[in-house]
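Before any comments, here is the structure.
The values are calculated or read from the model by the stated rules, or taken from the named source; none is laboratory data. In this text the structure is predicted, and so the values were computed from the model without any measurement. Cβ sites come from the backbone with ideal geometry, for glycine too, and all protein chains shown count toward neighbours. These accessible areas exclude ligands, DNA and RNA; they are computed on the full protein's heavy atoms, side chains included. Shrake-Rupley method; radii C 1.70, N 1.55, O 1.52, S 1.80 Å.
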Amino acid sequence: MPADAPPGDARPGGRRSWWLREALAAEPPALRDDATPPFAGHDRADFAILGGGYTGLWAALRLAELAPGARITVLERDVCGGGASGRNGGFVTGWWDELPALVERHGPADGLRLARAVGDAVGAVGAWAAEHGVDAWYRRDGFVAVSAAPAQDGAWDDAVEACAGLGVADEYVAVTADEVRRRVASPVFRAGVFMRDGATVQPARLARGLRRVALERGVVIHERTAVRPSGDLGQADTGGFVGRRTGGGVAIRTSSAAGDGVLVADQVIVALNAWAAAWPAFGRRLVTWSSYIVLTEPIPERLAEFGWTGGEGIVDARFTLHYARTTPDGRIALGGGGGRAGFGGRIGRAFTHDAGSAARAAAGLRRWFPSLAGVRIEDAWGGPIDITADHLPFVATSRDGRVQAGLGFSGNGVGPSLVVGRALAAVAAAAPVGTRAADDPWGSLPLVGALPRAFPPEPLRYLGARVIREAIVRRELAEEEGRRPGRVVAALSRLPRRLGYHLGPG
């Protein structure tokens with residue numbers, strides 16, 4: 001094993017995430033591949049959804065409610081949960097920490113409306129799982145952001161003030177170092193802030209549960225089916241993106257082990273997460289970034305020593321943040337967002353096989369809890385996230401109204417994907433019958449049509465992201481070690497903010 005790999009059987013890239021392996025092993029045989037065969041040949045659908053993760057499946061379930069009897073077809077390149085929906089940290093959190101950005105982007109009333117919608121989604125995920133018998137390990141115990149170095153102190157002050165100013169002070173409450181210590185004792189944790197709209201899930205179990213219920217509702221799902229993008233559809237404000245318009249519909253070209261195919265749909269929903277960054281329509285709106293998670297062996301007695309028995313999700317206040325949660329059998333899963341940028345939206349081995357990024361996540365765990373130096377790290381995995389200029393997702397529509405896209409979750413998509421999925425369904429369902437999406441409360445949310453600022457073209461986007469990422473990582477490491485970062489590093493780390501992007505430390 002290379003020297004930069006974390007200890008234990010933790011080299012990333014050789015297998016699926018621990019979450020997805022666990023979820024698939026628990027799945028009844030009747031729900032496996034035969035239920036969702038690869039697509040080939042020709043078919044037609046009222047609604048085609050590209051991507052079988054959270055966003056696409058929430059959209060499918062909402063469409064089944066809005067358009068009873070409609071033929072809804074989901075095309076998934078891998079298996080449902082094979083992308084970000086089965087690899088993420090499992091944090092279901094509100095947007096109260098994003099309230100200043102929401103207000104800046106949409107104004108106080110609409111910003112608060114969006115924050116409430118995503119906050120409500122935290123409870124809605126748990127209620128949906130309970131209603132449908134989905135054992136997604138849902139725990140609603142809140143969410144704690146902490147300072148893990150003096151430079152991180154007060155990073156949440158603007159959000160706390162924004163919540164107080166809009167009459168929702170109870171949603172995001174600053175807490176003292178003693179209060180943090182009562183929830184989880186770490187020698188590096190200082191003061192923090194508590195969000196009550198916070199839960200954790202086993203993310204792949206949630207994704208596979210959505211798949212199961214969608215099948216029960218009559219949604220057709222084709223896994224292991226790749227969509228072959230072309231640039232001649234729509235020529236929308238975001239560019240062209242799926243296939244040719246033909247006979248009043250959109251022709252989607254596919255390929256799979258079963259052969260090539262063409263699916264013609266009246267409406268298309270693009271829910272591809274970071275994979276959409278490789279499509280001409282979306283490349284300028286997204287930067288792809290890798291994030292890695294390490295998972296310890298079960299250590300319930302050590303969690304009790306730390307007092308971390310309440311189930312809270314925890315993050316620090318870095319931009320390349322560390323995020324951690326526990327599992328029912330007493331493991332710690334800790335991730336780090338200090339990975340690598342992709343070129344032209346391509347998702348390569350740097351997103352899944354980077355032992356160095358996994359080692360940095362492991363180092364973050366050891367720094368938070370030095371007494372765990374001898375604890376075995378059993379697994380590690382990585383994947384891509386899609387980042388927008390303001391760290392917020394968006395819903396875009398092609399000029400002809402036939403293609404909708406919901407993208408840009410910036411690493412925080414478990415709760416927001418429910419909101420975006422339902423917004424996509426509202427817009428898509430309104431288009432064929434000539435009604436307005438604004439008639440549906442989900443379709444009238446202000447993120448619909450709110451395109452984020454574009455990034456520079458390649459290769460400037462890739463080169464800039466690489467240089468700035470390195471500066472941010474070096475700056476935050478220096479701050480954690482009590483050193484002052486060099487002037488060049490400090491200046492480069494602040495450059496995105498100075499250029500008007502809501503990225504990087506202040």
Please list, ordered by chain and number, the residues whose modelled amide H lies under 5 Å from the amide H of Val74; skip anything fewer than 5 residues away on the same chain. Ile49, Val220, Ile221, His222
Segment 327-358 and segment 183-209: distance between their alpha carbon centers, rounded to Å: 18 Å
Tilt, helix 54-66 to longest principal axis of the chain (alpha-carbon atoms), in degrees rounded to tens, equals 40 degrees
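With an 8 Å Cα cut-off and a minimum separation of 6 or more residues, compute the relative contact order for segment 248-301 in percent.
Values: 38 pairs, mean separation 11.4, N = 54.
Rounded, it is 21 percent for segment 248-301.
Using 0.36 nm per residue, how much length does the chain from Leu495 to Arg253 gain when fully extended, once their Cα-Cα distance is taken away? It would help to have the intermediate numbers written out before the result.
Values: separation 242, 0.36 × 242 = 87.12 nm, distance 4.10 nm.
Full-extension gain reported as 83.0 nm.
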Could you please state, rounded to a whole Å, how far the C-alpha centre of segment 52-83 is from the C-alpha centre of segment 370-423? 17 Å
Long-range HN-HN contacts of His322 with modeled amide H, under 5 Å: Asp316
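May I ask you to derive the relative contact order of the chain, considering only C-alpha pairs under 8 Å and at least 6 residues apart, and to give it as an integer percent?
On the way: 1205 pairs, mean separation 108.1, N = 506.
About 21 percent, as a whole number.
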Students often get this wrong: which residues of segment 306-348 have the backbone nitrogen under 14 Å from the point 7 angstrom along Cα-to-C-beta of Glu470? 340-341
Just for the Cα atoms in segment 68-223, what are the lengths along the principal axes, largest first, rounded to whole Å? 52, 38, 28
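Restricting to DSSP H runs of at least four residues, report the calculated mean residue ellipticity at 222 nm for the chain, -39500 (n - 2.57) per run over all residues, nearest 500 deg cm²/dmol.
Working: 12 runs with 155 residues, N = 506.
After summing the helix terms and dividing by the residues of the chain, the value is -9500 deg cm²/dmol.
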Percent antiparallel among DSSP beta bridges with both residues in segment 45-202, to the nearest 5? 75 percent
Using Cα atoms only, what is the angle between the long axis of helix 108-131 and the major principal axis of the chain, expressed in degrees (0 to 90) to the nearest 10? 80 degrees
Which whole-Hz ³J(HN,Hα) couplings does segment 324-330 yield from phi under the Karplus relation 6.51 cos²θ - 1.76 cosθ + 1.60, θ = phi - 60°, glycine and proline marked x? 9, 8, 10, 10, x, 8, x
Share, in percent, of DSSP beta bridges within the chain that are antiparallel, nearest 5: 70 percent
Say each of Ala164 and Arg71 gets a label point 7 Å from the Cα, pointing the same way as Cα to Cβ; how far apart are those two points in nm? 5.8 nm
When Kirkwood radius over Cα pairs in Å is calculated directly from the model, which label among [x] 22.9; [y] 22.1; [z] 23.6 fits? [x]
Residue separation times 0.36 nm, minus the C-alpha to C-alpha distance between Asp153 and Asp329: what's the value? 60.1 nm
Segment Asp260-Arg21, extension gain: residue separation times 0.36 nm, minus the distance between their alpha carbons: 83.2 nm
Quick one: if the Förster radius is 51 Å, what FRET efficiency do Ala373 and Asp34 give, using the C-beta to C-beta distance and rounding to 0.05? 0.65
Helix 416-433: inclination vs the chain longest Cα principal axis, degrees, rounded to 10, gives 20 degrees
Would you tell me the accessible area of Arg205, worked out with a 1.4 angstrom probe on the heavy atoms of the protein chains, in Å² to the nearest 10? 50 Å²
Over the alpha-carbon set of segment 446-506, work out the extent along each principal axis and list the three values in angstrom, largest first. 44, 28, 15
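In debye to the nearest 20, how big a dipole does the chain give about its Cα centre with +1 on each Lys and Arg Cβ and -1 on each Asp and Glu Cβ?
On the way: 59 positive and 54 negative charges, 273 e Å.
The calculation lands at about 1320 debye.
In whole percent, what relative contact order does segment 1-155 give with Cα contacts below 8 Å and a gap of six or more residues? Intermediate values should be presented prior to the final figure.
On the way: 104 pairs, mean separation 23.8, N = 155.
For segment 1-155, the relative contact order is 15 percent.
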Pop out the ³J(HN,Hα) list for segment 276-289 in order, Karplus 6.51 cos²θ - 1.76 cosθ + 1.60 with θ = phi - 60°, rounded to Hz; leave Gly and Pro as x. 5, 5, 7, 8, x, 5, 10, x, 6, 8, 9, 10, 8, 9
